[in-house]
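Asker: Okay, handing you the structure first.
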Amino acid sequence: MTVYQQKEFACERFYSVLLIGYNYLYYKAYLKNTPYLLPTSILEMEGKLNVKQIEKKKGYEIAIAILAWSSILLQFYTSDISVITFLSYFTVLCNLLIALCITFTTLLQSTQVGSFFSKLSVQTSIALYIFIVSLVYNIALRGLVKLNGLAWVLDNMVHVVVPLLYIAFWIAYKPEGILKWKDGLIWTLFPLCYLVYSMIRGDITGWYPYPFLNAIKFGYPRVIFNVSVIIGVFIIAGLILIAFTRREESRHDNNYMSGMQN
């Protein structure tokens, strides 16, 4: 058995153990009604969802958490790069945010970190980040590196499957609240800091996580233009998400008032 086959075999076992472990913790919290492990479907949405809808939401949460965690960990396990280099990919950071968000809001919501990830602004920002990740990859980066087997599967997990699942989950089960227009600008701080960090690190090491940041090859004027375009896309997409949530909240309020009058 080759080293790659051994890693594939270990990955299969890892998927099984992770799936069993996460389901065990989730249903233990649900059945025993443990306060610090109580799922968000009970803590936040009690009285708003029927039993069937709650079970459906739990299924989404488990699926997203399992896929996000396993894809991240298996990508690192099957790669030959350092932790710092691995975490220098924006895709990895965004998928890690999704994994942490779902885990803390389902298993550890009463903690400070769980409360943070339960906020509408935080969950919406993560939806924005992963949307841009998927958009940029599938438009500009797909096919630049030829992948096969497990590497191809994991690559599509973090760039297609997990993004689509989380965005669909956000649309269906996002927390209630009203977003401010200035949130769209605040959300750009994370990708802006990441882009600046990547350029500085690339200038020092000569390695860039994405080709459009390669100042050695394209020069700083071109790279700064690329960064400006990306930040502009973040701002526009963020404002669209804010408009979407505000419209839904307004529609919800109107329906509530109509129900009260009737």
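Asker: Each residue of the stretch 116-128 in order: what ³J(HN,Hα) in whole Hz does its phi give by Karplus 6.51 cos²θ - 1.76 cosθ + 1.60, θ = phi - 60°, with x for Gly and Pro?
Answerer: 4, 6, 7, 6, 4, 5, 5, 5, 5, 5, 5, 4, 5
Asker: Okay, moving on. Using the 10 angstrom Cβ neighbour count as an exposure proxy, how do CYS101, CYS94, CYS193 rank, fewest first?
Answerer: So the residues, fewest neighbours to most, are CYS193, CYS101, CYS94.
Asker: Mind giving me the nanometre distance, one decimal, between the label points for TRP181 and VAL233, set 7 Å out from Cα along Cα→Cβ?
Answerer: With each label point 7 Å from Cα toward Cβ, the separation is 2.5 nm.
Asker: What is the sum of charges, Lys and Arg at +1 and Asp and Glu at -1, for the other residues whose Cβ falls under 13 Å from the Cβ of ALA215?
Answerer: On the way: positive: ARG201, LYS217, ARG222; negative: ASP203.
That works out to +2.
Asker: Calculate the FRET efficiency for SER79 and LEU189 from the Cβ-Cβ distance with a Förster distance of 30 Å, rounded to the nearest 0.05.
Answerer: Details: r = 28 Å, r/R0 = 0.95.
That gives a FRET efficiency of 0.60.
Asker: A further question on this structure: Using the structure shown, select from LYS119/LYS174; LYS57/LYS174; LYS119/LYS182; LYS57/LYS180; LYS58/LYS180; LYS58/LYS174 the pairs with a Cα to Cα distance greater than 20 angstrom. Please report the intermediate quantities before stating the final value.
Answerer: Numbers: LYS119/LYS174 9 Å; LYS57/LYS174 11 Å; LYS119/LYS182 16 Å; LYS57/LYS180 27 Å; LYS58/LYS180 29 Å; LYS58/LYS174 14 Å.
Flagged as over cut-off: LYS57/LYS180; LYS58/LYS180.
Asker: So if I place +1 on the C-beta of Lys and Arg and -1 on the C-beta of Asp and Glu, and nothing else carries charge, what would the dipole magnitude of the stretch 141-242 be about its Cα centre? I want it in debye, nearest 20. Before the final figure, lay out each step's value.
Answerer: Details: 8 positive and 4 negative charges, 39 e Å.
The dipole of the stretch 141-242 has a size of about 180 debye.
Asker: Then there is this: Given contacts defined as C-alpha pairs under 8 Å and at least six residues apart, what's the relative contact order of the stretch 101-245, whole-number percent? Could the numbers behind the result be given before it?
Answerer: On the way: 94 pairs, mean separation 36.7, N = 145.
Relative contact order for the stretch 101-245 comes out at 25 percent.
Asker: Count neighbours as other Cβ atoms within 10 Å of each site's Cβ, and list the trypsin sites (Lys or Arg not before Pro) in the stretch 98-206 that are DSSP loop with at most 14 such neighbours.
Answerer: Counting only loop positions with at most 14 other Cβ atoms within 10 Å, the trypsin sites (Lys or Arg not before Pro) in the stretch 98-206 are LYS119, ARG142, LYS146, LYS180, LYS182.
Asker: Report the paramagnetic label zone for VAL113: residues of the stretch 56-71 whose backbone N is under 20 Å from a point 7 Å from Cα along the Cα-to-Cβ axis.
Answerer: Residues 61-71 qualify, since their backbone N sits under 20 Å from the label point.
Asker: Taking the simple approach of a point 7 Å from Cα along Cα-to-Cβ for both ASN138 and GLU248, what is their distance in nm?
Answerer: A separation of 1.9 nm, rounded to one decimal place.
Any read-out appearing in this document is the output of simple, stated calculations on the displayed coordinates, not a laboratory observation. All values reported here derive from a predicted model rather than from experimental measurement. Glycine also receives a Cβ, built like all others from the backbone with ideal geometry; neighbour counts cover every protein chain displayed.
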